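Chemist: Got a structure here, written out as structure tokens. Questions coming.
Every number here is computed from the coordinates shown, using simple stated rules; none is lab data. Values in this document were obtained by computation on a predicted structure and should not be read as measured data. A quick note on method: Cβ atoms are made from the backbone with ideal geometry, for glycine too, and the neighbour counts reach across all protein chains shown.
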Amino acid sequence: MYVTVNKAPDHPLLLDGKRREHNPELTGLVPDDQIYRIYAGLREEYCIDGRRVINTQDIRLCRRTLRDAAARGRSPAKTLAMWDRVLDGETRYIKGFKTTADFLLDTSFTYELGLIAKLLRPVSQRFTLEGHNAELWDETARRFEHVAPVELELLPADSMLREFYAGEI
């Protein structure tokens with residue numbers, strides 16, 4: 001990928017290439033003291049009685065599946081079919097650079113669990129899943145059964161979560 005950018009010396013340049021901006025192949029021409037790397041990701045996991053019941057991967061899967069269904073009209077089956085490749089790409093191109101970040105931005109919102117709990121059933125009812133996809137979705141949905149649903153209207157107007165759930169409002 002080649003990018004040509006004309007910028008003034010005192011103006012910041014923000015890159016978001018699926019967090020690949022941490023990759024030295026993309027930033028190699030910029031002096032290291034002029035780079036400030038931000039890694040944005042979920043950092044919270046949720047436990048009951050000391051046992052993890054919802055992990056960050058569950059939340060990311062729900063974010064992606066619900067966003068794709070609402071905003072892109074993509075069936076959960078298509079999104080779930082890509083999930084293993086998403087995880088592989090994350091491992092290969094993103095996670096390895098997390099330790100080079102200057103700042104870790106936690107994109108966890110505890111109230112998001114209630115939004116997910118509210119949306120899982122309606123999305124599941126609109127689409128038919130089979131085989132491995134059905135098992136993965138059902139297993140993930142079961143983890144949210146103990147969560148009280150939150151009405152979507154309570155999602156703040158300026159919340160970054162609107163990227164994932166605004167299509168449902």
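Chemist: By how many degrees, between 0 and 90 and to the nearest 10, does the Cα long axis of helix 76-93 differ from the longest principal axis of the chain?
Modeler: Helix 76-93 and the main axis of the chain meet at about 30 degrees.
Chemist: Taking the chain as a Gaussian network, Cα atoms linked when under 10 Å apart, which of D158, D68, D84 shows the biggest mean-square fluctuation?
Modeler: D158
Chemist: Along the Cα-to-Cβ line of R51, 7 Å from the Cα, sits a label point; which residues in segment 144-159 have backbone N less than 19 Å from it?
Modeler: 144-148
Chemist: GluC sites (Glu not before Pro) within segment 71-152: which are DSSP loop residues with at most 11 other Cβ atoms inside 10 Å? Intermediate results must be reported in sequence, preceding the final value.
Modeler: Numbers: sites: E90, E112, E130, E135, E139, E145, E151; in loops: E130, E145, E151.
Listed in order of number, the matching sites are E130, E145, E151.
Chemist: Still on this model: Efficiency by 1/(1 + (r/R0)^6): what FRET value for E151 and L104, r their Cβ-Cβ distance, R0 = 30 Å, to the nearest 0.05? Could the numbers behind the result be given before it?
Modeler: Values: r = 31 Å, r/R0 = 1.02.
Once the sixth-power term is evaluated, E becomes 0.45.
Chemist: Further question: Using alpha carbons only, how many degrees (0 to 90, rounded to 10) separate the axis of helix 56-72 from the longest principal axis of the chain?
Modeler: On a 0 to 90 degree scale, this one is about 90.
Chemist: Now for a different question. For an R0 of 22 angstrom, estimate the FRET efficiency from the Cβ-Cβ distance between D158 and A40 and round to the nearest 0.05. All intermediate terms of the calculation are to be shown ahead of the outcome.
Modeler: Details: r = 16 Å, r/R0 = 0.74.
So, using R0 = 22 Å, E works out to roughly 0.85.
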